[in-house]
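Here the structure comes first, spelled out in structure tokens, and everything after it is commentary.
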């Protein structure tokens, strides 16, 4: 039987996983709202961002309370500090989904994304969702080999981000400055979402191995 | 005479202030490099970002070590958790200065900022530098009245950010898509830099008062 501290640490990990799932749902919905000009769905993502923030505050309060009551040292303390950092990553990922949804709402009833970028943005959404899904799994598994794979998944996001810029800078771009600004920001939101998910993988790798993955960019 | 714990906490605060000054210097240099196409200065900011990252890692290691050795509870524990969060804000602010410097380098020998945006970007740099300067002062003073003022300073940044977009969307904009993309990203970097400085003010307010400033956006 596990001791009280590790039972409570497991609960914190479960809460982190729940928070991760909330951000993944928010991102998936925001992507769908953006690509299909679905105002109701965009509004839902915007309204639900408070739930993500509240879940993070509650989780951090539990984590700090566990620190104060159980006075962990060494790896147990580092696990709780890492939990605080991962919850901050997840909260920020929720903000990125919120930003995507706000842009969908701002351009409604038009679709914010022009036809030649629909597939690129859809792919950015798919890759970002895949990366956060894997990051959530890592919180439970602490599988450091799987953690390294997220760096490769992030390369896919970089390629899509460059493809987006190439489309904006193509001589055939016919959607003007405003849409170019929108797409620049959208690209940044997906990239940052994925960056934070990769941060979670790196934090787990460091927690388990005590060093950073050497091929890390 | 203060006890060992509070002496070490003072040292951590001093390190946070030093880290804050590094990020302020990085931002000021990056702004100057951006506005004057100063390649050597841009290169210096880019190279110095590792020093900011190293300073943050060292500071966080000291903070976690103090947690483990002294087993603080209540407000002392919260002060250390807040220190970890503020160091993360400052490290990210260093990244924003780094991004500005990289754009200055990418467009060299041209000046990345077109003439009609020079003053707006200069002002964004001035306001961001003012806000981080005040945030650094707050780390020492813990003056909650002064902390509230940073929200107002951030309103200045929002106005400049809107002014930047208005210039990009003006019919007279003659610098094409690439420069519009550059300026969209530059605007975002300054805005995020200021957001993190305001976060530091909010964290200090919360640490001292035990609640969030009620007029907070």
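Taken together, the values in this text are just the output of simple stated rules run on the coordinates, not laboratory data. Every value quoted in this text rests on a predicted model; they were computed, and no experiment measured them. For neighbour counting, all protein chains shown are included, and Cβ atoms are generated from backbone atoms with ideal geometry for every residue, glycine included.
Worth pointing out:
- Global geometry of segment A:42-156, whether rounded, prolate or oblate, following the gyration tensor of its Cα atoms and the 1.5 cut on a/c: oblate
- When restricted to Cα atoms, segment A:34-73 yields an Rg and a Dmax of 17.0, 50 Å, respectively.
- Exam field: residue A:62 pseudo-label spacings to other copies (7 Å along Cα-Cβ), nanometres: 3.3
- Considering only B:70, B:24, B:56, the mean-square fluctuation computed in a Gaussian network model of chain B, springs between alpha carbons under 10 angstrom, is largest for B:70.
- Neighbouring partner chain Cβ atoms per residue of A:10-17, average, 10 Å criterion: 0
- Over chain A, DSSP H runs of length four or greater, each weighted -39,500 (n - 2.57), average out per residue to a 222 nm ellipticity of -30500 deg cm²/dmol.
- With the convex hull constructed from alpha-carbon coordinates only, segment A:100-174 shows a mean projected area of 6.0 nm² over all directions.
- For chain A, modelled as a GNM whose springs connect Cα atoms under 10 angstrom apart, the maximal fluctuation among A:178, A:156, A:116 occurs at A:178.
- C-alpha center-to-center spacing [segment B:1-61, segment A:51-79] in angstrom: 28 Å
- If the convex hull is drawn through the Cα atoms of chain A, its volume per residue in Å³: 109 Å³
- Efficiency of FRET from Cβ geometry, residue B:170 and residue A:202, R₀ 56 Å, rounded to 0.05: 0.85
- Mean separation of Cα pairs under 8 Å and 6 or more residues apart, divided by the residue count, gives segment A:4-209 a relative contact order of 30 percent.
- Over segment B:93-217, Cα pairs under 8 Å with separation of 6+ residues give a relative contact order of 40 percent.
- Ordering of B:16-23, A:118-125 by packing [mean C-beta count within 10 Å, highest first]: B:16-23, A:118-125
- For segment A:34-100, the Stokes-Einstein estimate of translational diffusion at 25 °C and a viscosity of 0.890 mPa s comes to 181 µm²/s, using the Kirkwood hydrodynamic radius over alpha-carbon pairs.
- Computed over Cα pairs, the Kirkwood radius of the protein assembly as shown leads via Stokes-Einstein (1.002 mPa s, 20 °C) to a diffusion coefficient of 95 µm² per second.
- Per-residue average of Cβ from other chains inside 10 Å of B:176-182: 6
- Across peptide A:84-94, the mean count of Cβ atoms from other chains lying within 10 Å of each residue's own Cβ comes to 1.
- For residue B:213, the label point sits 7 Å beyond Cα toward Cβ; its separations from the matching points on the remaining copies run 3.9 nm, from shortest to longest.
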